């Protein structure tokens, strides 16, 4: 889940922010981000600030150069949120912001007045909402099927519905398991292998079964003692039920 979105100068002046979950002090966080950017430039001798992970959270960055200054766009989210999807959203936010406001006034001739940028919140909301993949009604139907799955089989530990790029639609998976799956999907997407049709594997935490349909993937985590054949049958039936609801 996205927690916050920041737009700021690399020198620390906060121009715009949008809060979805109020979990920390905005001004302290903007100072923290500015310090990170300064560290990357001065110590690591690079301006390529991409993303950093802090515990269960992740910061994603996009930087726009303007003469001797930079404008930094940052998105703060759960670590288990899909990196590919979030970066696309952040880039869209960056593009719309730069189209709407004069970059020179924000960097070289910045007067400190930021109230005029707060109306950009509606643009951010539209970008985030437009990425919603299923309606609230469909979401409720999906959750009912998940509840039935967990009641039906004693072999099932947990389950999820993701996109092929790893965006979470519904998940009851442990955060570490979910994070591992998302990293797998992100890496496959980046190298161009963006479709999973069927994948089953034995892990330390049990049997993991992934079944793909269209742009989605169903995930079921089974107990280790579950026979592979049983896991495949349950996974395919579960996937077909969700497919009928979504498609």
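Quick notes on this one:
- Contact map, the stretch 209-225: first residue surrounded by fewer than 14 Cβ atoms within 10 Å (Cβ to Cβ), second residue at pLDDT below 95 and in a loop (DSSP other than H, G, I, E, B), Cβ cut-off under 7 Å, separation 6 or more or different chains; pairs are 214/247.
- The set of residues from the stretch 74-122 being touching a residue at least 40 places away in the same chain (Cβ under 8 Å), surrounded by 14 or more Cβ atoms within 10 Å (Cβ to Cβ) and not in a helix (DSSP H, G or I) comprises 74, 75, 76, 77, 78, 79, 80, 81, 82, 110, 114.
- Of the strands (runs of 3 or more DSSP E) that lie entirely inside the stretch 155-208, those containing 1 or more residues that are free of Cβ contacts under 8 Å to residues at least 40 places away in the same chain span 168-171, 198-203.
- Residue within the stretch 25-39 that is at pLDDT below 75 and part of a loop (DSSP other than H, G, I, E, B) present: yes
- Index of the failed condition, residue 146 passing every other in (1) under 20 Å from residue 75 (Cα atoms); (2) without any contact (Cβ under 8 Å) to a residue 60 or more places away in the chain: (1)
- Residue under evaluation residue 166, criteria (1) on the phi > 0 side of the Ramachandran plot; (2) out of contact with any helix residue (DSSP H, G or I) (no Cβ under 9 Å at 6 or more places or on another chain), criterion not met: (2)
- For the stretch 228-237, the condition holds for at least one residue, the condition being that it is in contact (Cβ under 8 Å) with a residue 60 or more places away in the chain, surrounded by 22 or more Cβ atoms within 10 Å (Cβ to Cβ) and assigned by TED's automatic domain parsing to the domain that holds residue 172.
The values are calculated or read from the model by the stated rules, or taken from the named source; none is laboratory data. Note that the coordinates shown come from a computational prediction; the quantities given were computed from them, not determined experimentally. Cβ coordinates were reconstructed from backbone atoms using ideal geometry, including for glycine residues, and neighbour counts include every protein chain displayed.
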